[in-house]
Structure formats: C-alpha cells, structure tokens
1. For the stretch 124-147, give me the residue count where each residue is touching a helix residue (DSSP H, G or I) at 6+ places or on another chain (Cβ under 8 Å) and near ligand 1 (Cβ under 9 Å from one of its atoms).
2. Give me the residue from the stretch 304-329 that is touching a strand residue (DSSP E or B) at 6+ places or on another chain (Cβ under 9 Å) and crowded, with 19+ Cβ neighbours inside 10 Å and, out of that set, nearest to residue 177 (Cα to Cα).
3. Taking helices (runs of 4 or more DSSP H) that fall entirely within the stretch 71-164, which contain at least 1 residues that are within 16 Å of ligand 2 (Cβ to nearest atom)?
4. Is it the case, given these coordinates, that residue 190 is out of contact with any strand residue (DSSP E or B) (no Cβ under 6 Å at 6 or more places or on another chain) and over 30 Å from residue 92 (Cα atoms)?
5. How many of the residues making up the stretch 308-366 are in a loop (DSSP other than H, G, I, E, B), in contact with a helix residue (DSSP H, G or I) (Cβ under 7 Å, 6 or more places away or on another chain) and within 15 Å of ligand 2 (Cβ to nearest atom)?
6. Tell me which of these residue 161 doesn't satisfy, since it passes every other one: (1) within 23 Å of residue 273 (Cβ to Cβ); (2) touching a helix residue (DSSP H, G or I) at 6+ places or on another chain (Cβ under 6 Å).
7. Of the residues 242, 158, which single one is more than 13 Å from ligand 1 (Cβ to nearest atom) and either within 30 Å of residue 366 (Cβ to Cβ) or free of Cβ contacts under 8 Å to residues at least 24 places away in the same chain (or both)?
8. Could you pull out the residue among 213, 291, 267 that is surrounded by 15 or more Cβ atoms within 10 Å (Cβ to Cβ), farther than 23 Å from residue 359 by Cβ and within 16 Å of ligand 1 (Cβ to nearest atom)?
Ligand SMILES: NC(=O)c1ccc[n+]([C@@H]2O[C@H](COP(=O)([O-])OP(=O)(O)OC[C@H]3O[C@@H](n4cnc5c(N)ncnc54)[C@H](O)[C@@H]3O)[C@@H](O)[C@H]2O)c1
Ligand SMILES: C[C@@H](O)[C@H](N)C(=O)O
C-alpha cells in the first residue's frame, strides 16, 4: 500500500492560537485551555501499559531508523509504525508504511501526531552524532538536549513507552576503558556525550517519579553496509569498506591502534526490538550497556586485506575525532543486559563482520548497477 505523505504531513496549525500569558490581557474568568491534544499527566504515577501497539519513530531516516521500522512493522503491522524525520523520505520508504515529517523541536506537531494516531510507544532516534556535534555545537544542544526534553515530556504526559538510544559516548576520559560497567564514572567531554547523560538521567527521573516506561541502551559504534552513518567518530569502520571496494585504498581519521566497541547493525536492530518489546518486569534497570566486538583500524584493515584484497592500502591521518575516540570505551560490560532480557548479539568476531560487510556491499552494488 502506498501511504501518501500529504495525508499525514502536518501542514498547518489552525487549532492552537497562542494566548498572551500576561494576566492583564485576559478578562476576569478567562480560562486558558491548551490545544486538545496537549495533556498533563493524564495517568497515575505508577501505571505502565503492558503492550505497545502503535509506535512513532523520530529521526527515522538515519543509519538505524528504516531497519528498526521494518523489523517492528513485521511484528506490529505496517500501518502501526509511523516513521518520521525532519528530512523527506524516498519513494521506496513511503511504500513501506506511514511517514510524518516532524522536527523534534516542534513539540506541538509531535504531540498532535501522537494524539491523532493513538501512538502508545516512541523510539526516539533524532540526533546529531558526536563528530558533527563538535562542529555544530548549537545544533547539537538544540536537537540532542531540547529534542530529548520534548519527547520525554510528551511520553510522560501521554503515558507512552519510550526507547532512546544512549551511546558509549556517554562515558568520558575518566571512565575505565575495558569492560566498562553499567554503573561507573560518567564525565563525557563532548556535547553529544553530555546530552546522552542528561537524557539518561531525565528518563530515569521520570521513571521513578512518574512511572514513565523509559528504556535506553548504550550502543557501541554501529556498522552497516546499506545505510550510511550520520557523522560519528566510529564512521571510519563503515567508510573503510566502501573505500576498499571502490578504490582499494583508505585514509583513516583515527590512529591505527584505536580500539573501540562496535556492533553489526542487524544485531543492533534485533536486540533493540527485543528490548523495546520486553515485559517491563524483566528489566531491573532503565539503561543497559550493549556490546559485541572490539577492534582497531589496523586489525580491521588486516582482515579486509585477507578477505578482499592483499593490495588494499590504509594510511592514517588522525583528525579532531581522535580526541573523541580516546575518551571512549574499548569494550563495555553488558552482562546485565544478557541476564535480564537475554541480549545476545550473533556477530562477535572481526572476521565475521568483515565477511558480512563485504557481501552486503557487493550485493548492493550489483543491485544498483
Ligand atoms: N549509529 C551509531 O553508531 C550509534 C551509536 C550509538 C548511539 N547511536 C544513537 O542511535 C540513534 C540513531 O542514530 P543514527 O545512527 O540513526 O543517527 P543518524 O545521524 O544516522 O540519524 C539521525 C536522524 O535524525 C534526524 N534529525 C536531525 N535533526 C532532527 C530534527 N531537528 N528533528 C527530527 N529529526 C532530526 C536526521 O535527519 C537523521 O535522519 C541516535 O540517538 C544516536 O545517538 C547511534
Ligand atoms: C558511538 C556513537 O554514538 C556514534 N557512532 C558516534 O560515533 O557518534
């Protein structure tokens, strides 16, 4: 079925006229009414819904959104998962299910979408990633901090289950780098990391105070062959494959011995959906580390040489992203995720990752010819 963008796109806002908030501007007895879809803590502080049926995904046109939407649609039905982004979708994406154009800063439009479509769960993916955030600090604050505030507030007021990915970027230079535990020092020195820590703490606060069903996973770097990464410090681990296949050469922006925690996209998607749909009773905490593989650029390139071409050449030209990578974990301890809700990534070696990435990119290139 083709879902028409124009039917779902919020074109204008006739419903809510702003009322001046100076008491002088109001005649005595004037009642200030918010628009019909704005609610304030409709639900008791402890009530949490047991299931989710209709889900809104924000920032859904990035590296992870379409994959998460497709997997969730296979469980909830195509028409019950609403993809949204500030960007416009391509025609293929429009064919797969409903799409709404939403800016995460426009709280009223999001709340209207939630209300009109009877949304009961949100997966909030809108973000400015670490490297891009250091280049555009105001944008990072606006999207990562104000955006998270908006969506958490809506989830609280409408009793929505909400999943927001955190990141290994929430850790900082003073955090232990190997097998980093769930609970440890968190003093990140990037705007991206600071926003993630704030989001985690606000979600946990609303969970304790208002009963919000807030869930978050601290992802490592996610590696995918058919969707490009959006401006992060771990992007090299995707770019290197395309460069190898296209020109047998890659200049890496990190030093050769920079180990970082990583995960293949299929594991990220399947485990995220498992976590999002898990009964709340299975979860003993709101935020969990998840991890799968750890490698350095040199290790990755040696494996590419082995599996793709011995002629593949890598050179190193570290830039501002090196400073970010130096503050992040080489690996994270995810034992609590494994024991509480059975987190179980399937792709856990550098050689199996390389073989998977090469086959996905080659297949895609063939298809696009
Ligand atoms: N990909 C990774 O390696 C990784 C690792 C750790 C955590 N995460 C987290 O997972 C989530 C999704 O990551 P991703 O890799 O898909 O990111 P991405 O950068 O690829 O996509 C983010 C999306 O957000 C959208 N966006 C930006 N500004 C917006 C706005 N004002 N309103 C609405 N949408 C807006 C962008 O258009 C983009 O499509 C993010 O929270 C990210 O921090 C990702
Ligand atoms: C790790 C993660 O959050 C993202 N891939 C980034 O590098 O910014």
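1. Going through the stretch 124-147, the residues touching a helix residue (DSSP H, G or I) at 6+ places or on another chain (Cβ under 8 Å) turn out to be 124-134, 137, 139-141, 144-145.
Imposing the further condition that a residue be near ligand 1 (Cβ under 9 Å from one of its atoms) reduces the set to 124-130, 132, 139, 144.
So the count comes out to 10.
2. 329
3. Values: elements: 91-96, 107-116, 130-135, 137-140, 147-158.
By residue number, 130-135, 137-140, 147-158.
4. On the way: out of contact with any strand residue (DSSP E or B) (no Cβ under 6 Å at 6 or more places or on another chain): yes; over 30 Å from residue 92 (Cα atoms): yes.
When the stated conditions are applied, residue 190 passes them.
5. 2
6. The single condition residue 161 does not satisfy is (2).
7. 242
8. Details: 213 fails: within 16 Å of ligand 1 (Cβ to nearest atom); 267 fails: farther than 23 Å from residue 359 by Cβ.
Matching residue, one of 213, 291, 267: 291.
The values are calculated or read from the model by the stated rules, or taken from the named source; none is laboratory data. All values derive from a computational prediction rather than experimental measurement. Counting neighbours? That spans all protein chains shown, and the Cβs are built from the backbone with ideal geometry, glycine included.
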